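Trainee: Below is a structure I'd like to ask you about.
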Amino acid sequence: EDARRATQAAERTASAAAAVAARIQETEARIAARQAQLRLMAARRRRLDARLAERQEPVIRLSAALQRLSRRPPALGLLRPGSIRDAVYLRALLATMLPQVEARTAALRKELAGIRELAREQAAAAQALRREQGRLRQRQESLAQIEAQQRLDMRRVAGIASRENERALALAERARDL
C-alpha cells in the first residue's frame, strides 16, 4: 500500500514537473519573441533618429538665417541708402518663406511624435520582457522545488522497495525453513 501511494506521488510530481517544464519553454519562447521585438524597435528608432536629423538640419539652418535677417536693427536702415527697399524685400521674403518653414517644422513635429510613440512602445515591450523574465524565474524555482520533491519521493519509494524486498527475503527464508 505504501509503495503504491509513493509510486502515485512520484507520478504526480513527474507530471507536474513536465507541465512546469512546458510552461518554462513557453515562457522562454515569449522572452525570445520580446527580445526580437525590442531589437526591431531599436533598429527602427535608429533609422527614425537618423532621418529626423537629416531632415532637421536644413530647417534649423534656414530658421537661423531668417532670424538673423529679421533681427537687423531698424536704425541700420536709416544709415544705409536702399536698406528700406531691402527691408521691404526681406519682409516679403520672410512672408513667403514662413509657410514653408512652418510646413517643414510641422512635418518634423509629426516625426518627433512618431519617435515618442515608438519610445513608449519600446518601454512597454521592455516592461513586458521583464515580466516574462520574472515568470521564467518563478517557474524555474517551481521546477527546482518539484524536482527536489521528486528526489525525496524516489528515495522514499526506494526505501519502501528495499524494506519490501527485505521482508520478502525474510518470508522466503521462513518458508524455506518450514
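Trainee: Can you list which of the GluC sites (Glu not before Pro) found in segment 85-148 are DSSP loop residues with at most 12 other C-beta atoms within 10 Å?
Mentor: none
Trainee: Against the longest principal axis of the chain, how steep is helix 83-177, in degrees 0 to 90 to the nearest 10, with axes from Cα atoms?
Mentor: 0
Trainee: Separate question: Any idea of the accessible area per residue across the chain, 1.4 Å probe, to the nearest Å²?
Mentor: Accessible area per residue: 73 Å².
Trainee: Using helices alone, what [θ] at 222 nm do you get for the chain, with -39,500 (n - 2.57) per DSSP H run of 4 or more residues, divided over all residues and rounded to the nearest 500?
Mentor: It lands at -36000 deg cm²/dmol.
Trainee: Taking each pair of distinct Cα atoms in the chain once, what is the resulting Kirkwood hydrodynamic radius in Å? Working shown, then result.
Mentor: Working: mean 1/r = 0.0413 Å⁻¹.
Every distinct Cα pair counted, the radius reaches 24.2 Å.
Trainee: Give me the one-decimal nm value for the distance between modelled label points at ARG104 and ARG45, 7 Å along each residue's Cα-to-Cβ direction.
Mentor: Going from the ARG104 label point to the ARG45 one covers 2.8 nm.
Trainee: Related question: What FRET efficiency do you get for ARG55 and GLU28 if R0 is 35 Å and r is their Cβ-Cβ distance, rounded to the nearest 0.05?
Mentor: 0.30
Trainee: Something else: Using the Cα centre of the chain as the reference point, and only Cβ charges (+1 on K/R, -1 on D/E), how large is the resulting charge dipole? Debye, rounded to the nearest 20.
Mentor: For the chain, the charge dipole is close to 1360 debye.
Trainee: Something else now. Taking 0.36 nm per intervening residue step and subtracting the Cα-Cα distance, what contour gain separates GLU147 from LEU38 on full extension?
Mentor: Details: separation 109, 0.36 × 109 = 39.24 nm, distance 3.37 nm.
Extra length available between GLU147 and LEU38 comes to 35.9 nm.
Trainee: At a threshold of 8 angstrom on Cα-Cα distance, excluding pairs fewer than six apart, so keeping six or more, what relative contact order does the chain reach in percent?
Mentor: Relative CO of the chain lands at 52 percent.
Trainee: If each of ALA124 and ARG174 carries a label point 7 Å out from its Cα toward its Cβ, how far apart are those two points in nm?
Mentor: 7.4
Trainee: Pick from LEU40, LEU98, LEU143 the residue whose mean-square fluctuation is largest in a GNM of the chain, springs joining Cα atoms under 10 Å.
Mentor: Of LEU40, LEU98, LEU143, the Gaussian network model singles out LEU98 as fluctuating most.
The values are calculated or read from the model by the stated rules, or taken from the named source; none is laboratory data. The model shown is predicted, which means the values in this text are computed figures rather than measured ones. Quick reminder, even Gly has a Cβ in these numbers, built from the backbone with ideal geometry, and neighbours come from all protein chains shown. Note: areas computed on protein heavy atoms with side chains; ligands, DNA, RNA excluded. Shrake-Rupley method; radii C 1.70, N 1.55, O 1.52, S 1.80 Å.
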